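Trainee: Submitted below is the structure of interest, expressed as structure tokens.
Bear in mind these aren't lab numbers, they're just calculated from the coordinates by the rules spelled out. It should be emphasised that the depicted structure is a prediction, and the values quoted were computed from it without experimental measurement. Note that we place each Cβ from the backbone using ideal geometry, even for glycine, and neighbour counts take in every protein chain shown.
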């Protein structure tokens, strides 16, 4: 479990390290717009949305162990390839080159994300909330360290250095971990969860307020994400399916990551466009409004499913 968490952190760093410097490099040196950059960053989530159900469906055939290791390796190779994209001409060629690198990076992310959830769901069905907490900690820590590492290396060596360093470190870590990999599925360690929040942009006097807001957002996501996978397992168990089956866990993991990725893709792509044309303040306000609507919808659904209302519904019928 610890080894999976470490590899997940390092793999997450490979695709989150570009956040601090890609917008500057792409817009000032390569002729892309803010909308283009938002799409490139969000494109990762689009591929996750499309590929997660497919990989999850065939997880029993692909095997979770091999899928996890293969995905982590692909993330490292894709990160290095992302660095070589700097040699592409400015404009559309650079844009589509980034999309190709982002595609392979996303496929690696799909593989290790879905496989890690499948492994935990299969081995620890009675402690799935704990396992999901560890997964969220790993992803959150990777998303937190990635921008910091990327920004620091970018200041030292420019665009290519952070991508080469994190990609090479990822591949080296896999090689070091391989001798211990046979015992991977037998390792169990109790952990608590405190998923970390991602990066914040430097926008002057509002930085502290933005940081506090994202910290609260991270806590909220922890409360939201961790129980969902357990609810999905409970739902399929109530339908008569085995919650310890690789096929069941793989498909649930795939759909979970798919719709999570869809939201991330829409948010990043639309967010880039909205920030460019409406500004950060209105974009953040719109996102908050959407969440308030979601709270109302979910609360209404909860109220309509209380025992009293269900009994009343049966009496009416």
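Trainee: Residues of the range 5-21 with amide nitrogen under 19 Å from the 7 Å Cα-to-Cβ point of residue 87?
Mentor: What the label zone holds, given the 19 Å backbone N cut-off, is no residue at all.
Trainee: In what sequence, highest mean first, do 6-14, 87-95, 107-115 appear when ranked by Cβ atoms within 10 angstrom? Walk me through the numbers before you get to the answer.
Mentor: Numbers: 6-14: 24.2, 87-95: 13.8, 107-115: 27.3.
The peptides rank, most packed first, as 107-115, 6-14, 87-95.
Trainee: Mind giving me the FRET efficiency for residue 235 and residue 287? R0 is 35 Å, r the Cβ-Cβ distance, nearest 0.05 is fine.
Mentor: Details: r = 28 Å, r/R0 = 0.81.
So the FRET efficiency works out to roughly 0.80.
Trainee: I need the calculated FRET efficiency for the pair residue 54 and residue 148, taking r as the beta carbon distance and R₀ as 35 Å, to the nearest 0.05.
Mentor: On the way: r = 33 Å, r/R0 = 0.95.
In this case the efficiency is close to 0.60.
Trainee: Going highest first, how would you order 143-155, 164-176 by mean Cβ packing within 10 Å? It would help to have the intermediate numbers written out before the result.
Mentor: Numbers: 143-155: 19.2, 164-176: 17.3.
Peptide ranking by packing, descending: 143-155, 164-176.
Trainee: Please report 273, 82 as a ranked list, fewest other C-beta atoms within 10 angstrom at the top and most at the bottom.
Mentor: Details: 273 17, 82 28.
Listed from fewest to most nearby Cβ atoms, that is 273, 82.
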